[in-house]
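Colleague: Take this structure, written in structure tokens, and hold onto it; I'll ask about it next.
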Amino acid sequence: MKEKYAYSICGEIYYSKEDILDFLDKEDSKQVIYVGECIYKKHEDFIGADDITIEKGEELNKLIIDWLNNNAEQPTFFTVKNIKQITSEEFHKENLK
């Protein structure tokens, strides 16, 4: 199952809820944690044809995307948006009930 949110202590590298626990300072309840919504990428996010007509480009894109969707798993990486800061204390209250 794909995660809906990702967590970071630096704002650059994001982890799952379970994995971020390894990076939390157990002594600091005010440690800042960045929480963002995961936006998963799809095959069509990476396909484009700029050197042919629009109609032929759309035809080619559909052909490639259909083939990828039928023969390869969707990418598993994501970007993060709507990032907010919470404290580790808030993280524990929300996620470790």
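Colleague: State the extension gain, in nm to one decimal, for the chain segment bounded by Ser16 and Tyr40, taking 0.36 nm per residue of separation less the distance between their alpha-carbons.
Modeller: On the way: separation 24, 0.36 × 24 = 8.64 nm, distance 1.37 nm.
Computed gain between Ser16 and Tyr40 is 7.3 nm.
Colleague: For Glu58 and Lys2, calculate 0.36 nm times their separation in residues minus their Cα-Cα distance, and state this gained length in nm to one decimal.
Modeller: Working: separation 56, 0.36 × 56 = 20.16 nm, distance 2.92 nm.
Fully extending the segment from Glu58 to Lys2 adds 17.2 nm.
Colleague: Next question, about the same structure. Please work out, to two decimal places, the log10 of the ratio I(q)/I(0) at q = 0.17, 0.18, 0.20, 0.24 Å⁻¹ from a Debye calculation in which every Cα of region 54-97 carries one identical scatterer.
Modeller: With no solvent term, the Cα-only Debye profile gives -0.69, -0.72, -0.78, -0.91.
Colleague: Could you tell me the calculated FRET efficiency between Glu27 and Phe77, based on Cβ-Cβ distance and R0 = 30 angstrom, to the nearest 0.05? Before the final figure, lay out the partial values.
Modeller: Working: r = 33 Å, r/R0 = 1.08.
That pair, Glu27 with Phe77, gives E of 0.40.
Colleague: Additional query: Per the Kirkwood formula on distinct C-alpha pairs, the Rh of the chain is how many angstrom?
Modeller: 15.9
Colleague: Suppose only helical runs count, i.e. DSSP H with n ≥ 4. What mean residue ellipticity at 222 nm does that imply for the chain under -39500 (n - 2.57) per run, divided by all residues and rounded to the nearest 500 deg cm²/dmol?
Modeller: On the way: 3 runs with 30 residues, N = 97.
Result for the chain, helices only: -9000 deg cm²/dmol.
Colleague: Sticking with this structure for a sec: Using Cα centres only, tell me the gap between region 1-28 and region 45-97 in whole Å.
Modeller: Rounded to whole Å, the Cα centres lie 20 Å apart.
Colleague: Please state the relative contact order of the chain as a whole percent: Cα pairs under 8 Å, 6+ residues apart?
Modeller: With pairs under 8 Å counted, the relative contact order is 35 percent.
Colleague: While we're here: Could you tell me which of the pairs Lys42/Lys93; Lys42/Lys81; Lys2/Lys56; Lys41/Lys93; Lys26/Lys81; Lys26/Lys84 are separated by over 25 angstrom between their Cα atoms in the structure shown? Let's see the in-between values first.
Modeller: Values: Lys42/Lys93 33 Å; Lys42/Lys81 16 Å; Lys2/Lys56 34 Å; Lys41/Lys93 30 Å; Lys26/Lys81 27 Å; Lys26/Lys84 21 Å.
Correct reply: Lys42/Lys93; Lys2/Lys56; Lys41/Lys93; Lys26/Lys81.
Laboratory data are not the source of any read-out in this text; all were calculated from the coordinates shown. Computed from a predicted structure; not experimentally measured. For neighbour counting, all protein chains shown are included, and Cβ atoms are generated from backbone atoms with ideal geometry for every residue, glycine included.
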